[in-house]
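Remarks on the structure that follows.
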Amino acid sequence: MKKHTLLQRLLPLAMLAAMLLSAVPAAAAFRDTAGHWAEKTLDEWQDEGLIDGYGDGSFQPNGTVTRAEFIKLVNRTLGFTAESGIFFSDVTERDWFHAEVAKAVTAGYAQGSGGLFHPNQPVTRAEAATMLTRAAGLAANEERADAFADAASIPTWARGSVGAAAEAGYMTGYPNGAFGALAFGIGTSEVEHVMAT
């Protein structure tokens, strides 16, 4: 499967599902995904080593995703493994996400602000669009961002990325036509779009 297609499938689930800090053996199915709309895909991704679960065997598929969890998924999906030194006061070498942050920063798709990375904050849709656009090497597309009903509320720093992610099919808007740049989830129409891809 092409990385582009896999990335299109991964983003919506990444935005819906909380990833785990400690690995669950690949042979064990998550205890809380049976009957979930994404059960089959989650099982496949677990078998491929793209996602982990919590130490108690759960995956928590409807939880929020932190910035650290999101970059872990992007790193695994796109195969980013190179690491260089990072200097964020909220990321230490003993944190489970230290290597993931180093990979994301080295790959050039993630960055912090004011000496902080904010690894435990939920990733917003604007942040996700920006990181995906950078990771995939997409050109900014502000014109496409203007098509959303809430275009005026998309932060200036994310406009081109939101448009690029939408144009590439990585992200769509909500049924009311809004993008919801500062929200933490995705809309039903996006789930349907991705599952049909």
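The values are calculated or read from the model by the stated rules, or taken from the named source; none is laboratory data. Please read all numbers here as calculations on a predicted model, not as lab measurements. Using ideal geometry, Cβ is built from the backbone for each residue, glycine included, and neighbour counts are taken over all protein chains shown. The protein model used for the area step is the full one, side chains on, heavy atoms only, and it has no ligands, DNA or RNA in it. Shrake-Rupley method; radii C 1.70, N 1.55, O 1.52, S 1.80 Å.
Here are some conditions: (1) without any contact (Cβ under 8 Å) to a residue 24 or more places away in the chain; (2) in contact with a Leu (Cβ under 7 Å, 6 or more places away or on another chain). Glu48 meets all but one. Which one does it not meet? In the conditions (1) without any contact (Cβ under 8 Å) to a residue 24 or more places away in the chain; (2) in contact with a Leu (Cβ under 7 Å, 6 or more places away or on another chain), Glu48 misses (2) alone. Quick check: is even one residue across the stretch 103-118 touching a Ser or Thr at 6+ places or on another chain (Cβ under 8 Å) and of a type in the set (A, V, I, L, M, F, W, C)? Scanning the stretch 103-118 turns up at least one residue that is touching a Ser or Thr at 6+ places or on another chain (Cβ under 8 Å) and of a type in the set (A, V, I, L, M, F, W, C). The set of residues in the stretch 136-160 being assigned to a helix (DSSP H, G or I), open to solvent by 20 Å² or more (accessible area, probe 1.4 Å) and at pLDDT 95 or above consists of Glu142, Glu143, Arg144, Ala152, Ser153, Thr156, Trp157, Arg159. If you take the residues of the stretch 75-95 that are over 18 Å from Leu42 (Cβ atoms) and of a type in the set (D, E, K, R), which of them is most open to solvent (accessible area, probe 1.4 Å)? The residue in question is Arg94.
Does Glu100 satisfy the criteria of being surrounded by 15 or more Cβ atoms within 10 Å (Cβ to Cβ), closer than 25 Å to Arg134 by Cα and in contact with a Lys or Arg (Cβ under 9 Å, 6 or more places away or on another chain)? Judged against the criteria, Glu100 is a match.
Filtering the stretch 113-130 to residues that are among the hydrophobic types (A, V, I, L, M, F, W, C) and within 10 Å of Arg67 (Cα to Cα) leaves Phe117, Val123, Ala128. Return yes or no: is Lys72 open to solvent by less than 30 Å² (accessible area, probe 1.4 Å), touching a Phe, Trp or Tyr at 6+ places or on another chain (Cβ under 8 Å), within 22 Å of Ile51 (Cα to Cα) and of a type outside the set (A, V, I, L, M)? When the stated conditions are applied, Lys72 passes them.
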